[in-house]
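In what follows, a single structure is set out as structure tokens and then discussed.
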């Protein structure tokens with residue numbers, strides 16, 4: 001569902017259809033950014049639970065803090081919460097949909113993915129300049145978003161993955177306008 005940049009505003013239904021037209025998205029819902037839960041403890045889980053902490057420019061401590069993310073969220077009126085299929089590249093989907101929505105006339109569109117970045121073998125953190133800024137996006141959790149609470153509020157399935165045989169749920173978020 002590609003649109004020209006000069007077309008009128010997309011309805012919530014059209015935004016969800018656009019998101020679901022990506023083969024990696026199983027469902028999409030419009031939510032208010034005020035429903036996105038941010039919390040300081042989320043950043044601690046990155047710092048003391050992920051070996052990517054400090055190793056990538058889209059991860060903490062380089063990613064926005066929960067307080068900064070809350071301020072960003074408060075600048076938007078709607079967002080698309082993406083429920084992605086297992087094994088897909090949520091960051092790539094978020095960047096692709098962000099671009100499509102931007103080209104449809106939403107200049108503030110910004111996507112958030114899931115997980116660490118993988119574009120560079122070693123991220124040039126000392127240069128403080130991402131080599132793939134056109135595609136690299138921070139994860140929701142890296143920006144202090146409590147993904148579990150946000151997803152549950154939206155009525156999507158999510159649970160703690162307890163075994164390697166369990167199929168996890170993956171989510172992305174596109175801030176629209």
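The values are calculated or read from the model by the stated rules, or taken from the named source; none is laboratory data. Please read these numbers as outputs of a predicted model, since none were measured by experiment. A quick note on method: Cβ atoms are made from the backbone with ideal geometry, for glycine too, and the neighbour counts reach across all protein chains shown.
Name, by its number, the condition in (1) part of a loop (DSSP other than H, G, I, E, B); (2) over 23 Å from residue 55 (Cβ atoms); (3) touching a residue at least 24 places away in the same chain (Cβ under 8 Å) that does not hold for residue 137.
Checking residue 137 against (1) part of a loop (DSSP other than H, G, I, E, B); (2) over 23 Å from residue 55 (Cβ atoms); (3) touching a residue at least 24 places away in the same chain (Cβ under 8 Å), the one that fails is (2).
Could you list, in sequence order, all residues of the range 73-83 that are more than 17 Å from residue 18 (Cα to Cα) and surrounded by fewer than 17 Cβ atoms within 10 Å (Cβ to Cβ)? Full working, then the answer.
Applying the first criterion (more than 17 Å from residue 18 (Cα to Cα)) to the range 73-83 yields 73-77.
Answer for the range 73-83, where residues must be more than 17 Å from residue 18 (Cα to Cα) and surrounded by fewer than 17 Cβ atoms within 10 Å (Cβ to Cβ): 74, 75, 77.
Could you please give the count of residues in the range 131-177 that are farther than 18 Å from residue 98 by Cα and over 13 Å from the mean Cα position of the chain (by Cα)?
Here the count works out to 21.
Mind counting the residues in the range 140-150 that are outside any helix (DSSP H, G or I) and surrounded by 21 or more Cβ atoms within 10 Å (Cβ to Cβ)? Steps first, please.
First, the residues of the range 140-150 that are outside any helix (DSSP H, G or I): 140, 144-146.
So of that shortlist, the ones also surrounded by 21 or more Cβ atoms within 10 Å (Cβ to Cβ) come out as 140, 144-145.
Total satisfying the criteria: 3.
Could you tell me which residue of the range 158-177 is surrounded by the most Cβ atoms within 10 Å (Cβ to Cβ), considering only residues that are in a loop (DSSP other than H, G, I, E, B) and in contact (Cβ under 8 Å) with a residue 24 or more places away in the chain? Reasoning before the result, please.
Going through the range 158-177, the residues in a loop (DSSP other than H, G, I, E, B) turn out to be 158-169, 176-177.
Pick out the ones that are also in contact (Cβ under 8 Å) with a residue 24 or more places away in the chain and you get 167-169, 176-177.
On the way: 167: 9, 168: 11, 169: 19, 176: 24, 177: 17.
Within the range 158-177, the match that is surrounded by the most Cβ atoms within 10 Å (Cβ to Cβ) is 176.
Got at least one residue in the range 84-102 being within 23 Å of residue 21 (Cβ to Cβ), free of Cβ contacts under 8 Å to residues at least 40 places away in the same chain and surrounded by fewer than 16 Cβ atoms within 10 Å (Cβ to Cβ)?
Narrowing the range 84-102 to residues within 23 Å of residue 21 (Cβ to Cβ): 84-102.
With free of Cβ contacts under 8 Å to residues at least 40 places away in the same chain added as a condition, the list becomes 87, 99, 102.
Okay, now just the ones that are also surrounded by fewer than 16 Cβ atoms within 10 Å (Cβ to Cβ), so 87, 99.
Yes, the conditions are met somewhere in the range 84-102.
To keep it simple, each residue is scored yes or no on (1) within 14 Å of the chain's Cα centre (by Cα); (2) at pLDDT below 95; (3) within 23 Å of residue 150 (Cα to Cα).
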{"residue": "44", "(1), (2), (3)": "no, yes, yes"}
{"residue": "51", "(1), (2), (3)": "no, yes, no"}
{"residue": "56", "(1), (2), (3)": "no, yes, no"}
{"residue": "67", "(1), (2), (3)": "no, no, yes"}
{"residue": "83", "(1), (2), (3)": "yes, no, yes"}
{"residue": "86", "(1), (2), (3)": "no, yes, yes"}
{"residue": "91", "(1), (2), (3)": "yes, yes, yes"}
{"residue": "122", "(1), (2), (3)": "no, yes, no"}
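Could you please let me know if residue 123 is in contact with a helix residue (DSSP H, G or I) (Cβ under 9 Å, 6 or more places away or on another chain), outside any strand (DSSP E or B) and surrounded by 14 or more Cβ atoms within 10 Å (Cβ to Cβ)?
Details: in contact with a helix residue (DSSP H, G or I) (Cβ under 9 Å, 6 or more places away or on another chain): no; outside any strand (DSSP E or B): yes; surrounded by 14 or more Cβ atoms within 10 Å (Cβ to Cβ): yes.
Spelling it out, it is not the case that residue 123 is in contact with a helix residue (DSSP H, G or I) (Cβ under 9 Å, 6 or more places away or on another chain), outside any strand (DSSP E or B) and surrounded by 14 or more Cβ atoms within 10 Å (Cβ to Cβ).
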